[in-house]
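Chemist: Here you go, one structure.
What follows is calculated from the coordinates using simple rules that are stated; it is not laboratory data. The shown structure was predicted, so the numbers you read here are calculated from the model rather than taken from an experiment. Positions of Cβ are generated from backbone atoms using ideal geometry, with glycine treated the same way; all protein chains shown enter the neighbour counts.
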Amino acid sequence: DPGAIDSLKKGLELMKRVYNAIPEYDRDFIEELESHTDMKTYDNSTVDPLLLTLYRHGKIGLNEMESICCRWIDLPQSPEDVHQPTSQLASRRIRVTIYAIIHCHLESLDLTENIRCFPNYKDFKNEVIRIIPREVIPSLTFCKTFKDVCDLSVEKRRDILFQAVDCGPLIAKVYELPGYLQLAALVTRYWFTFCQPDAYELRSLLVSFLLLQKGYSSASINQYGLFRLRVLHSLAQWQQIFKCLLHLNNLLYEPLSSPSCISRLYDGKLIFALLKQLHDGKSTIL
């Protein structure tokens, strides 16, 4: 984090002035902090510097980094609708692609995910899922290192992104959308196919995309939304899929444009308010 590094430098200068404290070594430890790490993979090799750079800039999540340092990945799950597929399970196909990209040797890919409820909820059953090489997208099997993936053409990296969400023949339709909506469109299509939300939920989400670009927000609508546990769970699934696909897009060096401002793309309270209007048949903004 560049901001944290700047704060550290200022703190060091303040320490020197106030306490007359001077480090006993000559090397620039901040520069060393930015360029070196003790982080090792589970087979005791060095973590790829390109991956570390992406992680430090918030482009890769902690779970992804855990997957190259240990064989057991702990995925907390909030208790929404325990009778529906968990949001973590909904995004699993995308995570498998991420794991494959950041592991140098796919033949030794052997990870286990533990999806657990947080906090503990007696009706929630832990899901232990093993990730195995044959689940990997075929086009990735030709890449032996993370750098090999980075060196692929934009078209090939984009194809990997599309395959991760099983886009298929709808690729041409994605290109017709504005850049800031292309990633959200892939997420929404995958979410609709895998999680099967009802038509009201889908319409509310799509309308919210358009309204947010026009400056609307949940604060613009002075009413309470229609709260339903099923809808809450469905939107949690969408958010989890979006987060994983955003990380995958970052990992592939953005073959599609990443949204510059997430708050201009998603507002849960606005979606609930729109959902209420659709159910009531009374619309003040649609």
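Chemist: Could you give each residue of the range 246-257 its phi-based ³J(HN,Hα) in whole Hz, using Karplus coefficients 6.51, -1.76, 1.60 with θ = phi - 60°, and x for Gly or Pro?
Modeler: 5, 5, 5, 4, 5, 5, 8, 6, 6, x, 10, 5
Chemist: Mind giving me the FRET efficiency for S217 and E176? R0 is 35 Å, r the Cβ-Cβ distance, nearest 0.05 is fine.
Modeler: For R0 = 35 Å, the calculated efficiency reads 0.85.
Chemist: Applying a 10 Å radius around every beta-carbon, put 127-139, 238-250, 207-219 in order of their mean neighbour count, most first.
Modeler: Details: 127-139: 13.5, 238-250: 22.2, 207-219: 15.3.
By packing density, highest mean first, the sequence is 238-250, 207-219, 127-139.
Chemist: Next up: Full extension from I132 to K269: what is 0.36 nm times the residue separation minus their Cα-Cα distance, to one decimal in nm?
Modeler: The span from I132 to K269 would gain 45.5 nm if fully extended.
Chemist: I've got another one for you. Write down the Kirkwood hydrodynamic radius of the range 160-222, to one decimal in angstroms, obtained as one divided by the mean of 1/r over all alpha carbon pairs.
Modeler: Values: mean 1/r = 0.0769 Å⁻¹.
Answer for the range 160-222: a Kirkwood hydrodynamic radius of 13.0 Å.
Chemist: According to a simple spin-label model (label point 7 Å from Cα along Cα-to-Cβ), what is the distance in nm between S78 and K144?
Modeler: So the two model labels end up 4.5 nm from each other.
Chemist: From the phi angles alone, apply the Karplus equation (6.51, -1.76, 1.60; θ = phi - 60°) to the range 261-274 and give each ³J(HN,Hα) in whole Hz, x where the residue is Gly or Pro.
Modeler: Those phi angles translate into 8, 4, 5, 8, 10, 9, 9, x, 5, 5, 4, 5, 5, 5 Hz.
Chemist: Within the set of other residues whose C-beta is less than 13 Å from the C-beta of Y216, count the net charge using Lys and Arg as +1 and Asp and Glu as -1.
Modeler: With Lys, Arg at +1 and Asp, Glu at -1, the net is +2.
Chemist: Sticking with this one: Give K9/K269; K59/K214; K10/K214; K59/K276 a once-over and call out the pairs whose C-alpha atoms are over 32 Å from each other.
Modeler: Beyond 32 Å between Cα atoms: K9/K269; K10/K214; K59/K276.
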